[in-house]
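The values are calculated or read from the model by the stated rules, or taken from the named source; none is laboratory data. Computed from a predicted model, the values in this text were never measured in an experiment. Here the Cβ is made from the backbone with ideal geometry for all residues, glycine too, and neighbour counts use every protein chain on show. Heads up: the accessible areas ignore ligands, DNA and RNA and are worked out on the full protein's heavy atoms, side chains in. Shrake-Rupley method; radii C 1.70, N 1.55, O 1.52, S 1.80 Å.
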Amino acid sequence: MFSRETYTKRQQELVKNVNSGIILLPGNEESPMNYTDNPYHFRQDSTFLYYFGLSRPGLFALLDTANGNISIYGDDYTLEDFVWMGKQPSIQELAASCGVEYTGSINDLFNYVSQAKKRKETVHFLPQYRSKNILKLMDMTGLSAQEIKTTASTKLITAIVSQRNYKTAEELVEIEKGVDTTIEMHIAAMKMLKPGMSELDVVVEIEKIARATGGEISFPTIATINGQTLHNHYHGNIVKEGQLFLLDCGAETSMGYAGDLSSTFPVGQTFSNLQKDIYNLVLKSHYASVNALKPGIAYKEVHRAACLTIADGLKSMGLMKGDTESAVEAGAHALFFPCGTGHMMGLDIHDMENLGEEFVGYGGEPKSKQFGLRSLRLGRALEPGFVLTIEPGIYFIPELTDQWRAEKKFMEFLNYDEINKFRNFGGIRNEEDYLITNDGKRLLGNKKKPMSIKEVEVFRK
Ligand code: GLY
């Protein structure tokens, strides 16, 4: 955990910024796999972690803006629980560790909320992603599940985003620990992969590295010869000489901060010439977006730089045609790059995505509805303290190509006969994590993840 002062400062700033009614912040409960006492790995809610740092199931925070009181509610474990779990700290001890003075049972919490409702105070809560917390809020507020879904507090969301979007020096230390472990995972995979192994062999080895730090993986590992499938979580293939292997994985530190990196490397010792051409184009688009990073630039322009580079490169390879700017404007390049260049990162790999991309990544502005651009999670003007990923890629998705071709879509920009020759190529993505600084950007991580063909092939010998 950070110091008590860090949490107190964050809590007080939230109270000051919301400045009306009561704020309800549920922590997470255990999530059972097949019966109650056999739960999945416990992951605390990230907003709860940010303000209180406590990773224990069943906690609930209430911040009362009228009197400035901040409380943590939860039921203490009993002697019976200690028999199974060992001795556990009390709610009061936990609260004290994050600078919170007031504590109570869950029953006390219900009474407090009921009194606040009688006084007609505004009850602020966030969009919820776990059914147990929706049920708790329904019981507490008397709202229906639908109302809980549609009446989350914009004021609370905005206040939280305006704190969590700016990473402090102590958070950056944690994030860089996560990034460094993630780099180790990538290098280990590059060193170990051999034709004849299964994708799962790699997953098992690299996830060990994340867990050995006392942390976890920060999202389900993508380790695949089918890199054209953006979030491919299938690990059952045996890898063969000549194929490309796409790895997108991350470590989460014991405090919950994420790393998120991607690499693409050959299953054999070297890339083929065709693989090199596409790889180098992905790399060129990567650095076109990296070079654009600075405070004040809108991330959608950073994304546009990647798209233009990809479209231009594919044009010189004969896969695209026509005016590059018009092709990107129309969205034709999205056949090869149907997703965004990157996203915010912090306590979540897609930081605060549960609060709504329009608030986190777009500062309240609406997102584009265009195919490709609508998957861009971040579009807003960048500010010092933002941590984000850069991860443009080129993907050959046969199903998408066949559909667009049948629809005669973007015939003026796409050479379908040439594109068809790549239908078994797969996909390539590289990814790095950056901090926006006062005068530009800084690549995160104290170690170096191989990026160029030469750097990657060193680890494939
Ligand atoms: N690296 C996985 C993702 O961004 O969704």
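Of the trypsin sites (Lys or Arg not before Pro) found in the stretch 145-251, those that fall in a DSSP loop while having at most 13 other beta-carbon atoms within 10 Å are Lys240. Checking the Cα-Cα distances for Lys294/Lys447; Lys132/Lys208; Lys167/Lys294; Lys117/Lys155; Lys240/Lys448; Lys276/Lys454 against a 20 Å cut-off, the pairs over it are Lys294/Lys447; Lys132/Lys208; Lys240/Lys448.
Working from Cα pairs under 8 Å separated by at least six residues, relative contact order for the chain is 14 percent.
When the helices of the chain are scored as -39500 (n - 2.57) per DSSP H run of n ≥ 4 and the total is divided over every residue, the value at 222 nm lands at -12000 deg cm²/dmol. Counting Lys +1, Arg +1, Asp -1, Glu -1, what net charge surrounds Cys339 among other residues with beta carbon under 11 Å of its beta carbon? Local net charge: +2.
Taking a label point 7 Å from the Cα of Glu455 along the Cα→Cβ vector, which residues of the stretch 297-338 have an amide N closer than 13 Å to it? The answer is none, because no backbone nitrogen lies closer than 13 Å to the label point. Between Lys120 and Ser254, the contour length at 0.36 nm per residue exceeds the Cα-Cα span by 44.2 nm.
Label zone of Leu443 (point 7 Å out along Cα→Cβ, amide N under 15 Å): in the stretch 392-432 this covers 392, 430-432. With loop defined by DSSP as not H, G, I, E or B, and exposure as at most 15 other Cβ atoms within 10 Å, which is the longest segment of the chain clear of exposed GluC sites (Glu not before Pro)? Between the exposed loop sites, the longest stretch runs 242-406. Among the protein heavy atoms of the chain, carbon and sulfur supply 52% of the accessible surface, probe 1.4 Å, non-protein parts ignored. When ligands, DNA and RNA are left out and all protein chains stay put, how many square angstrom of accessible area per residue does the stretch 201-250 have with a 1.4 Å probe? With the other protein chains kept in place, the stretch 201-250 gives 44 Å² per residue. Shape class for the stretch 189-322, computed from the alpha carbon gyration tensor (a ≥ b ≥ c): oblate, with a/c not under 1.5 and a/b at or below b/c. Evaluated at q = 0.06, 0.08, 0.14 Å⁻¹, a Debye calculation over the C-alpha positions of the chain (equal weights, vacuum) places log10 I(q)/I(0) at -0.30, -0.52, -1.31.
Evaluate the distance, in nm, between pseudo-label points positioned 7 Å from the Cα of Ala96 and of Ser162 along their respective Cα→Cβ axes. My value for the distance between the label points is 3.5 nm. Gain on full extension, evaluated as 0.36 nm per residue between Asn291 and Asn17 minus their Cα-Cα distance, stands at 95.2 nm. Shape analysis of the stretch 236-307 places it in the oblate category; the axes a ≥ b ≥ c from the Cα gyration tensor give an a/c of at least 1.5, with a/b not above b/c.
Within the shell of other residues whose beta carbon sits under 12 angstrom from the beta carbon of Ala189, the net charge comes to -1, with Lys and Arg scored +1 and Asp and Glu -1.
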